[in-house]
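For reference, the structure is listed below as C-alpha cells.
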Amino acid sequence: MLLTGCLLLVTLFSCQKSNDGDSPKTKSALLTASLWKIASVGVDLDKNNTVDLPYPLENCEKDNTLEFKSDGTGISREGATKCDPEDPETENFNWSLKNNETILNIAIPGSFFSGDATIITLNETTMEAYMDITDPDTSMQVRIIFKLTH
C-alpha cells in the first residue's frame, strides 16, 4: 500500500505542468517582440477612448513600421511606398515606459507620434493608445487614438 501511494504521488507531481512560462509578459517585452504597423488613427472628440473621426490612412502610411528595441531606442521605417520621395528610409527614435508601464513616452522626429501616449491596450498582436496634442492649425487640444498591429 505504501509503495502504491508513493508511486501515485510521484505520478501526480510529474504530470503537473510548470507555470514558469505562463507568467504575463511585461509591456516592454510586448513592445519589443516584433515590428509594428499603423492599423488606424483617429480623433476622439469626447475623450472616451473610442475614435469619433477616423483619419484615412494612405497606402504609403500603412506599410511603415516601428521597431522598439529593448535599449529604449527604435527605428521608424518607410515601407515600399513613400508619401514623399524626400522622406528618409529610416529614422531613429527613443522611447520609454512610465507610470507603471501605463504611459509610452516616444520621440519620433517630425511625427505626431511624439510625447506621452496613454496605453489603452497592449498585447501580443495589438497596441492601442492615445495622445492629447495641440492641433497646429486651430491651437485646440485634441485626443488622437492610434492602433498598431503586428
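All conditions in (1) under 14 Å from the mean Cα position of the chain (by Cα); (2) modelled with pLDDT under 95 hold for G74, with the sole exception of (2). Taking residues in segment 55-74 that are without any contact (Cβ under 8 Å) to a residue 24 or more places away in the chain, and partners anywhere that are surrounded by fewer than 16 Cβ atoms within 10 Å (Cβ to Cβ) and among the basic types (K, R), the pairs with Cβ atoms closer than 6 Å and at least 6 places apart or on different chains are C60/K82. Residue-level analysis places N94 outside the set of residues that are under 28 Å from M140 (Cα atoms), out of contact with any strand residue (DSSP E or B) (no Cβ under 7 Å at 6 or more places or on another chain) and at pLDDT 95 or above. Within segment 108-120, residues that are under 11 Å from I144 (Cα atoms) reach partners that are of a type in the set (F, W, Y) with beta carbons closer than 6 Å, at six or more positions or on different chains, in the pairs T118/Y130. Across segment 44-56, the qualifying residues are those that are at pLDDT 95 or above and of a type in the set (A, V, I, L, M, F, W, C), and the one among them that is farthest from T126 (Cα to Cα) is L53.
Residues in segment 53-73 that are out of contact with any strand residue (DSSP E or B) (no Cβ under 9 Å at 6 or more places or on another chain) and charged (D, E, K, R): E58, D71.
The values are calculated or read from the model by the stated rules, or taken from the named source; none is laboratory data. These figures come from a predicted structure and were not determined experimentally. Virtual Cβ from ideal backbone geometry, glycine too; neighbours counted across all protein chains shown.
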